[in-house]
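**Q** I have a structure I would like to understand better, so I am pasting it below and will then ask my questions one at a time.
Derivation of every value follows stated rules applied to the coordinates shown; laboratory data play no part. Note that the structure is predicted; figures quoted are calculated from it, not measured. Reconstructed Cβ throughout: ideal geometry from the backbone, glycine too, with neighbour counts over all protein chains shown.
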Amino acid sequence: MGIVPEPEITSQRIDKWIWHARIVRTRTLASELAAAGKIRIDKRRITRASQNVYRGNVITVPQGNRIRVLKIIGFSKRRVSASLTDVLYE
């Protein structure tokens, strides 16, 4: 049923994770942010939406006029409700 977090998932594409965690509204926007080099994983700029992230990675994502720094603590098979996103990152 996609219960969060999914312990059997050990990694996920950055665009998919950002969309599942409701950091951005669409997966297309997540892909565009990654391709434009606006997302960092552990202080390294990435340019591919297919870049995998793992538990413990720290990602930096621009969101409007602010920058969000998030530590990944879980994964989900599908997009979760806003009230459940706190189990995906801190």
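**Q** What are the ³J(HN,Hα) couplings of the range 49-63, residue after residue, when phi is run through the Karplus curve with 6.51, -1.76, 1.60 and θ = phi - 60°? Round to Hz, x for glycine and proline.
**A** 5, 7, 4, 7, 10, 10, 4, x, 5, 10, 10, 10, 10, x, 9
**Q** A follow-up question, please. Can you check what the net charge comes to around ARG13, using other residues whose Cβ is under 15 Å from the Cβ of ARG13 (Lys, Arg +1; Asp, Glu -1)? Walk me through the numbers on the way to the answer.
**A** On the way: positive: LYS16, ARG27, ARG48, ARG55, LYS77, ARG78, ARG79; negative: GLU6, ASP15, GLU32.
Net charge around ARG13: +4.
**Q** Classify the range 50-90: rounded, prolate or oblate, from the alpha-carbon gyration tensor (a ≥ b ≥ c, eigenvalue square roots; a/c under 1.5 rounded; otherwise prolate if a/b is larger than b/c)? Walk me through the intermediate numbers first.
**A** On the way: a/c = 1.66, a/b = 1.19, b/c = 1.40.
Oblate, since a/c reaches 1.5 and b/c is not below a/b.
**Q** Could you pull out which residues in the range 41-75 have an amide N less than 19 Å from a spot 7 Å beyond the Cα of SER11, following the Cα-Cβ vector?
**A** 41-60, 71-75, by backbone N distance to the label point.
**Q** Be a star and scan the range 11-27 for residues whose amide nitrogen sits under 20 Å from the point 7 Å along the Cα-to-Cβ vector of SER50.
**A** Only 11-20, 27 pass the distance filter.
**Q** Using +1 on the beta carbon of Lys and Arg, -1 on that of Asp and Glu, and nothing else charged, what's the dipole of the chain about the Cα centre, debye to 20?
**A** Numbers: 18 positive and 7 negative charges, 66 e Å.
With Lys and Arg at +1 and Asp and Glu at -1, about 320 debye.
**Q** On a straight-distance basis, which lysines could pair with LYS38 in a cross-link, Cα separation under 22 angstrom, same-chain partners fewer than 8 positions away excluded?
**A** The qualifying lysines are LYS16, LYS71.
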